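Visitor: The structure is given below, and queries will be raised subsequently.
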Number of protein chains: 4
Amino acid sequence: MGKRRHWIERLAHVELLTPKPEESLVFFRDLLGLEVTAQKGDSVYLRGWGDWFHHTVKLTAAKEAGVGHIGWRTESPEDLEEAARFLEGKGLGVGWAEEGDLGQGQTYRFRLPDGHQGELFFEVERYSPPSEKKPLLKNRPQKRPYRGADVRRIDHVNLYASDPTPSRELFQELGFKWHEGLWVKNQVEMAAWMAVSNLSHDLAFMRDPTGAKGRLNHLAFWVDTEAEVIRAAELLREAGVFIEYGPGRHGISEAFFLYVYEPGGNRIEVYSGGYLNFDSDWGPILWDFDDLAERALATAVVGGPPPESMFAYGTPPVMLPQS
Amino acid sequence: MGKRRHWIERLAHVELLTPKPEESLVFFRDLLGLEVTAQKGDSVYLRGWGDWFHHTVKLTAAKEAGVGHIGWRTESPEDLEEAARFLEGKGLGVGWAEEGDLGQGQTYRFRLPDGHQGELFFEVERYSPPSEKKPLLKNRPQKRPYRGADVRRIDHVNLYASDPTPSRELFQELGFKWHEGLWVKNQVEMAAWMAVSNLSHDLAFMRDPTGAKGRLNHLAFWVDTEAEVIRAAELLREAGVFIEYGPGRHGISEAFFLYVYEPGGNRIEVYSGGYLNFDSDWGPILWDFDDLAERALATAVVGGPPPESMFAYGTPPVMLPQS
Amino acid sequence: MGKRRHWIERLAHVELLTPKPEESLVFFRDLLGLEVTAQKGDSVYLRGWGDWFHHTVKLTAAKEAGVGHIGWRTESPEDLEEAARFLEGKGLGVGWAEEGDLGQGQTYRFRLPDGHQGELFFEVERYSPPSEKKPLLKNRPQKRPYRGADVRRIDHVNLYASDPTPSRELFQELGFKWHEGLWVKNQVEMAAWMAVSNLSHDLAFMRDPTGAKGRLNHLAFWVDTEAEVIRAAELLREAGVFIEYGPGRHGISEAFFLYVYEPGGNRIEVYSGGYLNFDSDWGPILWDFDDLAERALATAVVGGPPPESMFAYGTPPVMLPQS
Amino acid sequence: MGKRRHWIERLAHVELLTPKPEESLVFFRDLLGLEVTAQKGDSVYLRGWGDWFHHTVKLTAAKEAGVGHIGWRTESPEDLEEAARFLEGKGLGVGWAEEGDLGQGQTYRFRLPDGHQGELFFEVERYSPPSEKKPLLKNRPQKRPYRGADVRRIDHVNLYASDPTPSRELFQELGFKWHEGLWVKNQVEMAAWMAVSNLSHDLAFMRDPTGAKGRLNHLAFWVDTEAEVIRAAELLREAGVFIEYGPGRHGISEAFFLYVYEPGGNRIEVYSGGYLNFDSDWGPILWDFDDLAERALATAVVGGPPPESMFAYGTPPVMLPQS
């Protein structure tokens, strides 16, 4: 067994596309509680009160909902170079961006195996609060706003893939650990949960039942306690947001979850708990998709069964083929 | 800026010495809720219900309380070799162990700059539960015992050092990130919080006011929620355990804490929360020891001021020099 | 408006019938965490660690599951006399018991309008703990056992009635406050939530869709926090208990709920939260059963929709008439 | 044993005096999260989002901080008459108010034995929310504002008395239950916790060490969870509010507490948990003030020891006599 690659340090940001940019902005800022750090062109840049980077969400007006690109930060400039060469060699490279995005330096763009757009960069601008947002605690980027669900930081992104296997394999080669999987009798991979960090997962791929490519299942934001997830459920319901599923606790990842749709149609998770894994070679724990009891347990060890939409709806919306 | 070293993956276990082995065992097993996995010679091996390794605590009968050795796991055999060579080159090497301890393979022993004993290994035995402890969730090593404070896993170790600086510098060279520090006017380092993981810290060094070398401040165990820390406080108090400080929330690390003394005299923390850091180059956040308000805030953003013992008592016990 | 009657002080105990007495006892003692205080004939007497009375549950072996009798305590001997005379006058009296049950004095028995058996008494034996259960806090009846779901006390009983209206009206005359109701267009009463205490309810009646008389919907036990309800859900699921619904938060009562079936078949609720009402003339708040959105909200403001069994299954089991 | 009196239903409101009315208003509205319902003369009327009455706090500009009057609601007009006659007979009557206060009907004024001003009334105006505050749940008076500590409702008032015994005895005659007490060797009563509701207490008297009459120890507001108390501690500290003690859990009452000073100087408690008592004849549980360990336990079963100010500071401020 050789050494694990450590090119990539973390999920840095996700670009979400929305056909209703104004309503989506109200959702992310006023209901989820994200902070706006910049606006440029058709995009608004946001971050949680505990996110140190310039932004962790880029909200871009578009014809259809979905995921624009996913950005990861590398551990060093050398790591950026090496990872770029690796992706180039895989034939997945798009190339160095001529102009970086707000808040980040030299950026390398690539395609994920299922067509999602990715980018890597090292240089990043840390958030610097104006005086009225200076925190009591200097180990925080800013005061907690206590607004809406008051989410603390970005947590993970869950991507649909027409076939999750090539995507999962690519990220293993990039140094991600493969923590859990859902399989049809060890033959067909239905989903994979992966992490470049100690989280239960910061990246997941789920088989898209529509066969479409490049869609989003959901983007998740962290709150510190289960009680805050429950509080968010009530707050968002009172605000008229569609609650799809939860609160409950997944068997896979052990995380406490709540899934809602933001006005643009993207599924958003408010998330807490979940185990941490500190081992480089732990997992994958594989769950049997064909064993109904085990599939149910994998989905929710606490809370009722999921609606069918959880494994079918995504953005951009696609009709399921008639069987 | 070059690449960060990734030899070491995680804190694997801590050996605690106790002059009251039977009473200490009752504390760790029945009150904290650890599971006994083996006994050999004067030692009992224990782990939390969420710890995957053979043991995370080795409790050894001894004349005096204190820390025996601290074990870290490397990411690969190659990493073990490289780290061993590095420590050899530093003049800190003790050498390869002729015989490994229970549950681990080839082991390299070394001295920390202040005299604490360390060891590195890669091969490790994972816990395999008997049938009555098989968990409902296959991503857990065993059933949760629901016994006592029911701590989930080892979290971090906090070591006194006659001078914390050389220890902190060594672990930075070993790839640990330096997250926070407490300094007298940027001149004298009083304490350092470091992590090889995404935790706020998995290793800390505090200046020993007695000037002694190689002592232990505390060993910390994780529970999933603040409510469990509060529950532990009441449970341990009812059981007659000495509560030194807490529950409260530190400013440094943002963690929710409770400090007690186990019967052998070692300080034990029940711990939850605390920020996660996903960046390789975040910190150090430095707090001013001379600014009384800032020092108080660093100690507890929620909860009252600490007793003086928090920064003086340790194991083995040493009398503070009379001033 | 005249003075409210204060004959009855509180729900004192509920007798549950079980066709599987041994398995039911394991459930109540080891999984819910109740304490056994006595055994006599076919009955075991139990109480929560925070219950002061001799028992709050009497578990009696029987051919079928269901509710045996419900006991309420009066505020004084005079109140007992007056309430007995009142019930006698209503034609609901059964008479003074020749022999009281364990832990209680002179007892008056009566029938509720739908056939359930009730009893009133004033004299009650308070629990006196043996030395090993003496609590740290003298305002508690005993040490918290930290066993299973570790429920603290009895909370409320929810009874099916072929017609809830006469039962609700009787208890209003007995001094209970009518807090909430579920009605079909203000014409048909589907359910009533009532309280003789400050709880959102300590007694409820629900229209039995089978038309049967005298059945039990559920008996509820209190835990102090929502987190304990969630913990109970996982603990009970791992122990193989059937989880019917929850955790979630009701709209009606605002309580955090979890419904399971004990081995004898009776539905048991683990319950926390819920508003308190301190006014004598608050309510009733009426919810529209025909408005699907309002009915859903009344059922769960947090958490998914209920299974149909929640409003049909009860004990003893009865088949729903085919429509 | 005769029947317990049920004239009084609940604590209705407390008038607080403040020498800094504008800053106090900011504290109660923006930091505690109370809602303003009216302003008249030198007074602002406020209530928690879960309070149904027109107001539960009347904040009145005054030269010195302290308590203006305490209002209780009776169960019926007849109960109001009877209680008034009783107080008249005791020589404590002040008389029927010529003009009622905002939001309440006919009002009887009286003096408590230590000089505090009390009033009783039955008719009360319930809060009616404007459309933008209409709640999702119709069993709530309004939408939760999610502002500041977001306290839900008034909970209890704790009054200093030069001698607590006559006050405690008066309220027992008025039908309050005496739940707990702190005594010097069964000879000198130091404090009494009483309830007319099922709460651990809604009224308390503490011996004033200064010997002054009619002072306030604190006014308490309820939040639903311990986690919200902890959240309030951090939020209020960040806002610059003086935190005197907590969070912790009292032995007496078992309640989770946080004590702060509002800008006018009055001590305010953010409060959760605490046992409920449903028995009319439970208590008093007496704690020994002279037994230092028991006194400490009574004060805090979870959390460190109190500052001395907790038993000496009050409003209006009085200097302790030099011993």
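The values are calculated or read from the model by the stated rules, or taken from the named source; none is laboratory data. No experiment lies behind these values; they were computed from the predicted model shown. Counting neighbours? That spans all protein chains shown, and the Cβs are built from the backbone with ideal geometry, glycine included.
Visitor: Step by step: first the residues of the range A:101-117, then only those that are buried (at least 16 other Cβ atoms within 10 Å of the Cβ) and in a loop (DSSP other than H, G, I, E, B), then the one that is modelled with the lowest pLDDT. Which residue is that? Full working, then the answer.
Guide: Taking the range A:101-117 as the starting set, the residues that turn out to be buried (at least 16 other Cβ atoms within 10 Å of the Cβ) are A:101, A:103-104, A:107-114, A:116-117.
Keeping just the survivors that are in a loop (DSSP other than H, G, I, E, B) gives A:101, A:103, A:112-114, A:116.
Numbers: A:Asp101: 94, A:Gly103: 97, A:Leu112: 98, A:Pro113: 98, A:Asp114: 98, A:His116: 98.
Filtering the range A:101-117 for residues that are buried (at least 16 other Cβ atoms within 10 Å of the Cβ) and in a loop (DSSP other than H, G, I, E, B), the one modelled with the lowest pLDDT comes out as A:Asp101.
Visitor: In addition: Based on what the data block shows, is C:Glu35 of a type outside the set (S, T, N, Q), more than 14 Å from every other protein chain (Cβ to nearest Cβ) and within 28 Å of D:Asn277 (Cα to Cα)?
Guide: Numbers: of a type outside the set (S, T, N, Q): yes; more than 14 Å from every other protein chain (Cβ to nearest Cβ): yes; within 28 Å of D:Asn277 (Cα to Cα): yes.
Yes; evaluated as a whole, the condition is true for this residue.
Visitor: Looking at the range B:278-323, which of the residues that are within 30 Å of A:Leu276 (Cα to Cα) and of a type in the set (Ser, Thr, Tyr) is surrounded by the most Cβ atoms within 10 Å (Cβ to Cβ)?
Guide: B:Thr315
Visitor: Taking D:Gln142 and the conditions (1) more than 24 Å from D:Tyr271 (Cβ to Cβ); (2) modelled with pLDDT of 95 or more, which numbered condition does it fall short on, given that it satisfies the others?
Guide: (1)
Visitor: Wholly within the range B:161-239, which strands (runs of 3 or more DSSP E) include no fewer than the required count, namely at least 1 residues that are surrounded by fewer than 23 Cβ atoms within 10 Å (Cβ to Cβ) and of a type in the set (Phe, Trp, Tyr)?
Guide: Working: elements: B:177-184, B:188-195, B:203-207, B:216-222.
Answer list for the range B:161-239: B:177-184.
Visitor: Out of D:Asp224, D:Asp163, which single residue is acidic (Asp, Glu) and within 14 Å of chain A (Cβ to nearest Cβ)? Explain how you work it out, then say what you get.
Guide: Values: D:Asp163 fails: within 14 Å of chain A (Cβ to nearest Cβ).
Step by step, each of D:Asp224, D:Asp163 is checked, and only D:Asp224 is acidic (Asp, Glu) and within 14 Å of chain A (Cβ to nearest Cβ).
Visitor: If D:Tyr127 passes every condition in (1) farther than 27 Å from D:Phe257 by Cα; (2) modelled with pLDDT of 95 or more; (3) more than 14 Å from every other protein chain (Cβ to nearest Cβ) but one, which one does it miss?
Guide: For D:Tyr127, the exception is condition (3).
Visitor: Would a scan of the range B:152-162 turn up a residue that is over 21 Å from the mean Cα position of the chain (by Cα), more than 24 Å from B:Leu258 (Cα to Cα) and of a type outside the set (Val, Ile, Thr)?
Guide: The first filter runs over the range B:152-162 and keeps only residues over 21 Å from the mean Cα position of the chain (by Cα), leaving none.
No, because not a single residue in the range B:152-162 is over 21 Å from the mean Cα position of the chain (by Cα), more than 24 Å from B:Leu258 (Cα to Cα) and of a type outside the set (Val, Ile, Thr).
Visitor: Condition test on C:Leu120, is it within 22 Å of C:Thr37 (Cα to Cα), at pLDDT 95 or above and assigned to a loop (DSSP other than H, G, I, E, B)?
Guide: Numbers: within 22 Å of C:Thr37 (Cα to Cα): yes; at pLDDT 95 or above: yes; assigned to a loop (DSSP other than H, G, I, E, B): no.
Considered against the rule, which asks whether it is within 22 Å of C:Thr37 (Cα to Cα), at pLDDT 95 or above and assigned to a loop (DSSP other than H, G, I, E, B), C:Leu120 comes out as no.
Visitor: For the range A:134-149, what are the residues that are more than 9 Å from every other protein chain (Cβ to nearest Cβ) and touching a residue at least 60 places away in the same chain (Cβ under 8 Å)? Walk me through how you get there before you give the answer.
Guide: Within the range A:134-149, the subset more than 9 Å from every other protein chain (Cβ to nearest Cβ) is A:134, A:141-142, A:145, A:149.
Once the filter is applied, which keeps residues that are more than 9 Å from every other protein chain (Cβ to nearest Cβ) and touching a residue at least 60 places away in the same chain (Cβ under 8 Å), the range A:134-149 yields A:Pro141, A:Gln142, A:Pro145, A:Ala149.
Visitor: Among (1) of a type in the set (Phe, Trp, Tyr); (2) in contact (Cβ under 8 Å) with a residue 24 or more places away in the chain; (3) touching a Phe, Trp or Tyr at 6+ places or on another chain (Cβ under 9 Å), there is one condition A:Tyr275 misses while meeting the rest; what is its number?
Guide: (3)
Visitor: Quick check: is even one residue across the range D:48-61 surrounded by 22 or more Cβ atoms within 10 Å (Cβ to Cβ), within 14 Å of chain A (Cβ to nearest Cβ) and either touching a Leu at 6+ places or on another chain (Cβ under 7 Å) or of a type in the set (Ser, Thr, Tyr) (or both)?
Guide: No, the range D:48-61 contains no residue that is surrounded by 22 or more Cβ atoms within 10 Å (Cβ to Cβ), within 14 Å of chain A (Cβ to nearest Cβ) and either touching a Leu at 6+ places or on another chain (Cβ under 7 Å) or of a type in the set (Ser, Thr, Tyr) (or both).
Per-residue answers, yes or no, for (1) in contact with a helix residue (DSSP H, G or I) (Cβ under 9 Å, 6 or more places away or on another chain); (2) without any contact (Cβ under 8 Å) to a residue 40 or more places away in the chain; (3) more than 30 Å from C:Arg126 (Cβ to Cβ):
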residue: D:Ala255; (1), (2), (3): no, no, no
residue: D:Gly283; (1), (2), (3): no, no, no
residue: D:Ala296; (1), (2), (3): no, yes, no
residue: D:Thr299; (1), (2), (3): yes, no, no
residue: D:Gly304; (1), (2), (3): no, no, yes
residue: D:Thr315; (1), (2), (3): no, no, yes
residue: D:Val318; (1), (2), (3): no, no, yes
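Visitor: Give the range A:240-257 a look and list any residue that's surrounded by 21 or more Cβ atoms within 10 Å (Cβ to Cβ) and more than 10 Å from every other protein chain (Cβ to nearest Cβ), or say none.
Guide: A:Ala255, A:Phe257, listed by residue number.
Visitor: Which count do you get for residues in the range B:1-25 that are more than 20 Å from the chain's Cα centre (by Cα) and more than 10 Å from chain A (Cβ to nearest Cβ)?
Guide: Qualifying residue count, the range B:1-25: 3.
Visitor: Inspect all residues belonging to the range D:152-160 and state whether any of them is within 20 Å of D:Lys213 (Cα to Cα), among the hydroxyl-bearing types (Ser, Thr, Tyr) and free of Cβ contacts under 8 Å to residues at least 60 places away in the same chain. Show your work before the answer.
Guide: Going through the range D:152-160, the residues within 20 Å of D:Lys213 (Cα to Cα) turn out to be D:156-160.
Filter once more, keeping what is among the hydroxyl-bearing types (Ser, Thr, Tyr): D:160.
Still in the list and also free of Cβ contacts under 8 Å to residues at least 60 places away in the same chain: none.
So far as the range D:152-160 goes, no, none of its residues is within 20 Å of D:Lys213 (Cα to Cα), among the hydroxyl-bearing types (Ser, Thr, Tyr) and free of Cβ contacts under 8 Å to residues at least 60 places away in the same chain.
Visitor: Hey, another quick one. Scan the range D:284-323 for residues that are hydrophobic (A, V, I, L, M, F, W, C) and outside any loop (DSSP other than H, G, I, E, B) and report the count. Break it down into steps so the answer makes sense when it comes.
Guide: So the first thing to find is which residues in the range D:284-323 are hydrophobic (A, V, I, L, M, F, W, C), and the list is D:285-287, D:289, D:292-293, D:296-298, D:300-302, D:310-312, D:318-320.
Keeping just the survivors that are outside any loop (DSSP other than H, G, I, E, B) gives D:285-287, D:292-293, D:296-298, D:302, D:310-311.
Going through the range D:284-323 one residue at a time, the tally reaches 11.
Visitor: From the residues in the range B:276-286 that are at the interface with chain A (Cβ under 7 Å from one of its Cβ atoms) and not small (Gly, Ala, Ser), which one is nearest to A:Arg152 (Cα to Cα)?
Guide: So the first thing to find is which residues in the range B:276-286 are at the interface with chain A (Cβ under 7 Å from one of its Cβ atoms), and the list is B:278-280, B:282, B:285.
Checking which are not small (Gly, Ala, Ser) leaves us with B:278-279, B:282, B:285.
Values: B:Phe278: 14, B:Asp279: 16, B:Trp282: 17, B:Ile285: 19 Å.
Among them, the one singled out is B:Phe278.
Visitor: I've got another one for you. In this structure, does D:Val260 turn out to be within 14 Å of chain C (Cβ to nearest Cβ) and at pLDDT 95 or above? Spell out the reasoning first.
Guide: Working: within 14 Å of chain C (Cβ to nearest Cβ): no; at pLDDT 95 or above: yes.
In short, no.
Visitor: For the range D:263-275, which residues satisfy the criterion of being away from chain C (no Cβ under 14 Å) and either part of a strand (DSSP E or B) or within 30 Å of C:His201 (Cα to Cα) (or both)?
Guide: First pass over the range D:263-275, keeping only residues away from chain C (no Cβ under 14 Å): D:263-270.
If the condition is that a residue be away from chain C (no Cβ under 14 Å) and either part of a strand (DSSP E or B) or within 30 Å of C:His201 (Cα to Cα) (or both), then D:Arg267, D:Ile268, D:Glu269, D:Val270 are the ones that fit.
Visitor: Among the candidates A:Glu88, A:Glu81, which residue alone is modelled with pLDDT of 95 or more, over 21 Å from A:Ser167 (Cβ atoms) and part of a helix (DSSP H, G or I)? Full working, then the answer.
Guide: On the way: A:Glu88 fails: over 21 Å from A:Ser167 (Cβ atoms).
Checking each option against the conditions leaves just A:Glu81.
Visitor: Something else about it: Can you tell me which residue within the range B:287-315, out of those that are within 14 Å of chain A (Cβ to nearest Cβ) and within 21 Å of the chain's Cα centre (by Cα), is farthest from B:Glu23 (Cα to Cα)?
Guide: Step by step, filter the range B:287-315, then rank; the result is B:Ala298.
Visitor: While we're here: The conditions are (1) within 14 Å of chain A (Cβ to nearest Cβ); (2) among the aliphatic types (A, V, I, L, M); (3) crowded, with 20+ Cβ neighbours inside 10 Å, and D:Val44 fails exactly one of them. Which is it?
Guide: For D:Val44, the failing item is (1).
Residue-by-condition table, conditions (1) without any contact (Cβ under 8 Å) to a residue 12 or more places away in the chain; (2) at negative phi; (3) surrounded by 16 or more Cβ atoms within 10 Å (Cβ to Cβ):
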residue: B:Leu31; (1), (2), (3): no, yes, yes
residue: B:Leu34; (1), (2), (3): no, yes, yes
residue: B:Lys40; (1), (2), (3): no, yes, no
residue: B:Gly68; (1), (2), (3): no, yes, yes
residue: B:Thr74; (1), (2), (3): no, yes, yes
residue: B:Gly89; (1), (2), (3): yes, yes, no
residue: B:Glu98; (1), (2), (3): yes, yes, no
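Visitor: Given the residues B:His201, B:His218, B:His116, B:His179, which is the only one that is closer than 20 Å to B:Glu269 by Cβ and assigned by TED's automatic domain parsing to the domain that holds B:Leu87?
Guide: Values: B:His201 fails: assigned by TED's automatic domain parsing to the domain that holds B:Leu87; B:His218 fails: assigned by TED's automatic domain parsing to the domain that holds B:Leu87; B:His179 fails: assigned by TED's automatic domain parsing to the domain that holds B:Leu87.
Going through B:His201, B:His218, B:His116, B:His179 in turn, the sole match is B:His116.
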